[in-house]
2 protein chains.
Amino acid sequence: MQITQTPSGFTLSLKGRVLIDHSGDAPCLFVGQGDARMDMYRGNFDIEDYVTERSPLRYARISGKTISFSAAEGQPVRLVLSVGESTLDFEAPDRSINRVWLRIAAERDEHVWGGGEQMSYFDMRGRRFPLWTSEPGVGRDKTTEITFKADVTGKSGGDYYNTNYPQPTYLSSRRYALHLETTAYSAFDFRQEQVHEIEVWAVPERIEFFAAPSFIELVERLSLRFGRQPPLPDWIYNGAIVGLKDGVNSFERLENFLAAGVKVSGLWCEDWVGLRHTTFGARLFWDWQANDERYPNLRQRIAELADRDIRFLGYVNPYLCADGPLFVEAEEAGYFAKNADNQTALVDFGEFDCGVVDFTNPKASDWFAERVIGQSMLDFGLSGWMADFGEYLPIDVTLANGVDARLMHNAWPTLWAEVNARAVASRGKTGEALFFMRAGFTGVGAHCPLLWGGDQSVDFSRHDGLVTVICAALSSGLLGNAYHHSDIGGYTSLFGNVRTPELLMRWAEMAAFTPVMRSHEGNRPAENLQIDQDPEVLSHFARMTAIYVHLAPYLRTLSAEAVARGLPVQRPLFLHHEDDPATYTIQDAYLYGADMLVAPVWRPGEKDRTVHLPSGRQWVHAWTGQAYRGGAAVTVAAPLCQPAVFYAEDAAMADLFARLRNL
Amino acid sequence: MQITQTPSGFTLSLKGRVLIDHSGDAPCLFVGQGDARMDMYRGNFDIEDYVTERSPLRYARISGKTISFSAAEGQPVRLVLSVGESTLDFEAPDRSINRVWLRIAAERDEHVWGGGEQMSYFDMRGRRFPLWTSEPGVGRDKTTEITFKADVTGKSGGDYYNTNYPQPTYLSSRRYALHLETTAYSAFDFRQEQVHEIEVWAVPERIEFFAAPSFIELVERLSLRFGRQPPLPDWIYNGAIVGLKDGVNSFERLENFLAAGVKVSGLWCEDWVGLRHTTFGARLFWDWQANDERYPNLRQRIAELADRDIRFLGYVNPYLCADGPLFVEAEEAGYFAKNADNQTALVDFGEFDCGVVDFTNPKASDWFAERVIGQSMLDFGLSGWMADFGEYLPIDVTLANGVDARLMHNAWPTLWAEVNARAVASRGKTGEALFFMRAGFTGVGAHCPLLWGGDQSVDFSRHDGLVTVICAALSSGLLGNAYHHSDIGGYTSLFGNVRTPELLMRWAEMAAFTPVMRSHEGNRPAENLQIDQDPEVLSHFARMTAIYVHLAPYLRTLSAEAVARGLPVQRPLFLHHEDDPATYTIQDAYLYGADMLVAPVWRPGEKDRTVHLPSGRQWVHAWTGQAYRGGAAVTVAAPLCQPAVFYAEDAAMADLFARLRNL
């Protein structure tokens, strides 16, 4: 980065972009102290900071590549920035500092994206985003009844910024990206015209900047920085992963799907570990081994499925219930996080207690990778699983590495991903066994081969329904997470909110144009419509899997592109159309690779969709063949079975796309 | 105050109490800058502060009675405190400062009360209280449906600290009081064990301290500081003020009250100005003159009522509707607050616009006092009125005195009270004409002869129902407001929440033991039960007015005590029992003067009450005559008609109290 002295301070620039502009009157740096209250309620956090000091550091002394900041000339140096090629390293001689605010130069018309996997706002400009992994909330909109009820009953309503996967990284329309290297609680504040403010509840290690002439190149660089995923496994192209959790009945019900023409790549039974009955209803038994009672002869059945090219998938999370056999093994070996009394910390998950496997202890994570995921899952025959949770590390436990749990909380999802990835690698199954996670943080993409968008409500709501999955895919995709998918039909059914046939069908329509189609019975299967309970929904689902399979050759090229260049399968329109500013804020449509544009219907009752077609290409409507010149909005009919999908007339695979009309 | 240098700083003490303890490591003073967003929605405010600087002033140089603070030795002086007998005057050489935080030494077991008229928490310890006059909110509890709906539909749900009458003054159980002299937004933060933090969004003028050997003396001193009220008017002892707003029917309905034995001192018709019909329903016509259509021959009727010793009361607020004749007069004279274009600022009150009479213009306030209140109200024959509003001064208007409306907003209620009081005084009717206000701020008590508790919901809810009126009376009473009362039955009926007979009766039971009994038909009379619609409720009301009239000789002594000593009629138990710490947090019972203890039933369905009887006296249960030794909690039956009321066995008027049993 280039340091330029100015009459009253300095600027820091990267490839011609002024990123920091400091003067005594408008300092770039503030430091101080805060005393935060953080209360966790089942993965939902109530956090309030009491800032006791926020002092501007007006005086900056530059010496070579080092900038020393103090309150005023002659006052003690409180913070030192070391300027690298494209980095700023932080060091605080003042040990009392536990809050840092850094201001980045902003432009009035600038857009910013990223922040991990954001569910509500793709363009983050104009809002403040705390970055702390947690439950995303139910409803996520303080004006809705569902959010209100979730808040009152479980402090779980959430808000626009809550996400399983935050990441202190953003891309700017000025064609640079900023990454804050810390696992501390942080916040990006994009509310001001002149500056973005980066807030950190610690002295961060570093800020990394990336600049590139185009968005594509920026994403390539970020994906190298944060990790690229292996290719999609070959078997995934066979069709959808059907999620059933009906014990041994799941196998019979799968036959109904197949009989209806559904193309199936896998059967996913999260209840493979058996159930526990609580007053809240049936819960999984959190001991990660096959349950012979609920799934008799499971290995035989898995083998029989495999003969038909159908994989079997399960479920795991980083906890072990205190009444299961794996808990005993881990307890004897001392693998759990400890409480204040140096005993195993037990976390109440609702009428059952669990230990938290301490992944900062290499022996504990080795054990979990080998004994649990390796032996009881992979060796047993599982081809994949939901690797659930990761957001719940309690902030009051004691960990083996001696680091404050408040600093490890954000790091946990990536540790969890690493344990899963290591287990898969130990069996030589990288790119073959497929696990999917909702939690994330910096670096998760280096280990996690597939994100899933978390637990949307079973509805069309703006902040917790179908449309949020697009925002999630686009924001996380820019940070190097090439593969994203979601629960078809959503997950969370509470307070009488249940799935409609329309919702299930609209969700399946979107999923057909994502890397992975996977259905889920939801949290309350009995109260919600299931795909195989309605002939229209089932037949619609079969058709969508046919579309997915038809497009498999195209998806293979996107997966190859992800491996080679780190480009996500689902992309914001601007990624390939940066000269078309109308594309910069679109978050309810996406490019599926460079050559297809998908605009799912995400409002109930809607029969058509209006979508902006980016400039520079001719776009052919997939179902009618009508061509439109890019650069304007068009409205097309979008009845059930025909989501608004377009392909570029000059696409290499235009013939394949054209054949969608005959499917 | 005494300044004592310590090895690392200084202390400030008043009569042996260390109130400020400063050192370089634990500074007492922080200064900086903030940039607040303040949005007003019909008197409800959405306020968010962005604090850009909060710098500790660690270095204090003492020179005589002046303490100069800077960030460090040798750094510029940013703030200077001048220490007086019992005051701290503020001056900021640094003109950039617009936020000041001062820390007051606190004790772990300390209690604090005051803050103006607080509705939710009498003992303020453990919470933070912003002090900004506003609507108090509907529901005032984020866990209730009503609050949620009010928030969503009108941003009007409110919270525990919202009040029409805030005041930056508190009393401490350490037997001192602190008053912050400013009209800027401020906040008292009582959440920390070691310090109370006073936050001001300006450089305040002064902090005043008061110390006294007893709470009684402290209250006497505060009442002298903030103003004492005149005695209650003689006519008030005749019974209740019956609130009806039924046009000329009000007079006929009043006869029903009288026929049922209700003792009546006045008839209050807020619709005396006529109605306006909007899509929200009937609203008052905001032009403060009798409406001949709705009330034909009103002067004749007022005179006839007077012959029967019944007064007539009306309604006024500080706005004038743009389609009324008074608006034209004020507009021609230029008496309204201006907008950014220097035109009269018009405020939308829901399908009608109003001008805001600019009380910082002496001619405008003279005109309002003389022309409106003097001529059209007092000279017309009104004996009192609700002087509504005062909290709504928009923060973006331009005022005649040139002061920022954000600094005048909190001052407005007191200006409004002064205009009313001046009008009353101009007719020689001080202590005779009775107006009542909900809005307040520092100094309101010098002008306003009677507070009313604002617009409670028509229910028993913890934060917006009957019980909140007690908290309101006790907190405001400690600051010199001797007289408090409320709408019998509450006011706000929204979202299907309507009055029950039980609520009306329980409220009347409480009101019988307050300075003034006054009924109100509520915001939606047609949807809510009215006293005269239910024979049981009417007869119960009659009985309560009989109790009120029976106790009039006692109430007269309390009014005399208020005039002489500033003691409120309704008093917290600890005021006369400071050696009994169990009394310090009680907010659902009160002393009615020194000799009666009233514990209203404030929960639905409750048939008895448990109440702590303060130590040192024998307490006689009013309805059974049973005596209890103070110093413990007792439970007594409290069926309808028999609220839990006790009197001291040794009271001067014990005979009068004993005769309640025969009433």
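The values are calculated or read from the model by the stated rules, or taken from the named source; none is laboratory data. Bear in mind that the values here come from a model prediction, so they are computed numbers and not experimental data. We place every Cβ from the backbone using ideal geometry, glycine too, and count neighbours over all the protein chains shown. Note: areas computed on protein heavy atoms with side chains; ligands, DNA, RNA excluded. Shrake-Rupley method; radii C 1.70, N 1.55, O 1.52, S 1.80 Å.
Quick notes
- Of all the residues in segment B:443-454, those that are farther than 17 Å from B:P515 by Cα and in contact with a Pro (Cβ under 7 Å, 6 or more places away or on another chain) number 1.
Residue by residue, here is whether (1) in the same structural domain as A:G431 (by TED's automatic domain parsing); (2) open to solvent by less than 20 Å² (accessible area, probe 1.4 Å); (3) at pLDDT below 95 holds:
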position	(1), (2), (3)
A:S173	no, yes, no
A:A184	no, yes, no
A:R228	no, no, no
A:I241	yes, yes, no
A:G247	yes, yes, no
A:D271	yes, yes, no
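- Options A:V203, A:V152: the member that is away from chain B (no Cβ under 14 Å), open to solvent by 20 Å² or more (accessible area, probe 1.4 Å), within 30 Å of B:A36 (Cβ to Cβ) and of a type in the set (V, I, T): A:V203
- Residue check, B:E197 modelled with pLDDT of 95 or more and either open to solvent by 10 Å² or more (accessible area, probe 1.4 Å) or part of a loop (DSSP other than H, G, I, E, B) (or both): no
- Residue check for A:F209: under 20 Å from A:L102 (Cα atoms) and not in a loop (DSSP other than H, G, I, E, B): yes
- Residue within segment B:417-426 that is crowded, with 17+ Cβ neighbours inside 10 Å, over 19 Å from B:H485 (Cα atoms) and of a type in the set (D, E, K, R) present: yes
- Filtered residues of segment A:159-175 (kept if assigned to a loop (DSSP other than H, G, I, E, B), over 16 Å from A:Y491 (Cα atoms) and away from chain B (no Cβ under 14 Å)): A:Y160, A:Y161, A:N162, A:Y165, A:S173, A:R174, A:R175
- For segment B:566-578, the criterion of a residue being in a loop (DSSP other than H, G, I, E, B), at positive phi and in contact (Cβ under 8 Å) with a residue 12 or more places away in the chain is satisfied by at least one position.
- Scope segment B:386-399; condition surrounded by fewer than 19 Cβ atoms within 10 Å (Cβ to Cβ) and closer than 16 Å to B:L320 by Cβ; matching residues: B:P394
- On inspection, B:G355 does not qualify as open to solvent by less than 10 Å² (accessible area, probe 1.4 Å), at positive phi and either outside any helix (DSSP H, G or I) or touching a strand residue (DSSP E or B) at 6+ places or on another chain (Cβ under 7 Å) (or both).
- Condition met for B:T183 (more than 14 Å from chain A (Cβ to nearest Cβ), under 19 Å from the mean Cα position of the chain (by Cα) and not in a loop (DSSP other than H, G, I, E, B)): no
- Unique residue being open to solvent by 60 Å² or more (accessible area, probe 1.4 Å) and either more than 30 Å from B:P166 (Cα to Cα) or within 14 Å of chain A (Cβ to nearest Cβ) (or both) when the list is B:R103, B:R95, B:R99: B:R95
- The number of residues in segment B:553-574 being buried (at least 19 other Cβ atoms within 10 Å of the Cβ) and either small (G, A, S) or under 17 Å from B:E502 (Cβ atoms) (or both) comes to 3.
- Selection within segment B:110-149 - of a type in the set (S, T, N, Q), surrounded by fewer than 21 Cβ atoms within 10 Å (Cβ to Cβ) and more than 14 Å from every other protein chain (Cβ to nearest Cβ): none
- Whichever residue in segment B:575-599 is touching a His at 6+ places or on another chain (Cβ under 7 Å) and open to solvent by less than 30 Å² (accessible area, probe 1.4 Å) and, among such residues, is nearest to B:D655 (Cα to Cα): B:A594
- Verdict on B:A72 being within 30 Å of B:N164 (Cβ to Cβ) and aliphatic (A, V, I, L, M): no
- Residue count for segment A:360-385 under the criterion of being open to solvent by less than 30 Å² (accessible area, probe 1.4 Å) and under 13 Å from A:L320 (Cβ atoms): the result is 5.
- Of residues in segment A:27-74 being in contact (Cβ under 8 Å) with a residue 12 or more places away in the chain, away from chain B (no Cβ under 14 Å) and outside any strand (DSSP E or B), the one least open to solvent (accessible area, probe 1.4 Å): A:G43
- Residue list for segment B:75-90, restricted to those being more than 14 Å from chain A (Cβ to nearest Cβ) and over 23 Å from B:A36 (Cβ atoms): B:V80, B:L81, B:S82, B:V83, B:G84, B:E85, B:S86, B:T87, B:L88, B:D89
- Here A:P515 meets each of (1) outside any helix (DSSP H, G or I); (2) surrounded by 22 or more Cβ atoms within 10 Å (Cβ to Cβ); (3) touching a Pro at 6+ places or on another chain (Cβ under 7 Å) with one exception, condition (3).
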